[in-house]
Amino acid sequence: MTAVIDAVYRDGVFCPATPPDLPEGTAVRLTVVPAAPTPPAAPRDPAEVFARLKRIAEMPEEPGGDPTITGRDHDRTLYGGPGGVR
């Protein structure tokens, strides 16, 4: 039996639009073809990307952690160096 079943992918599971006529536990092979083309991602403004990366680098390593230690301190914190632990 071959059938085309419309489904939605949600939370890691393919949810059929209508229940298939199959016994529970039947193994099937899926060929996934998007129903509509996925629009291409909008080009990103390099200044916006840089600003986001800067904000990420300035975030504390852990919530509630020492706010003076940020992503910029990653290598120094892990591997030592000026002000780091060896």
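The values are calculated or read from the model by the stated rules, or taken from the named source; none is laboratory data. Here the structure is a predicted model, which is why all the values come from computation and not from measurement. Note that each Cβ is placed from the backbone with ideal geometry, even for glycine, and that neighbours are counted across all protein chains shown. Areas reflect the complete protein model, heavy atoms only, side chains present, ligands, DNA and RNA absent. Shrake-Rupley method; radii C 1.70, N 1.55, O 1.52, S 1.80 Å.
Overview of values
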read-out: Single match in Gly12, Gly83 (criterion: on the phi > 0 side of the Ramachandran plot, loosely packed, with under 10 Cβ neighbours inside 10 Å and modelled with pLDDT of 75 or more); value: Gly12
read-out: Pairs where the first residue, in the stretch 38-51, is β-branched (Val, Ile, Thr) and the second is surrounded by 10 or more Cβ atoms within 10 Å (Cβ to Cβ), C-beta under 7 Å, 6+ apart; value: none
read-out: The stretch 18-39 - residue that is open to solvent by less than 80 Å² (accessible area, probe 1.4 Å) and hydrophobic (A, V, I, L, M, F, W, C) and, of those, modelled with the highest pLDDT; value: Leu22
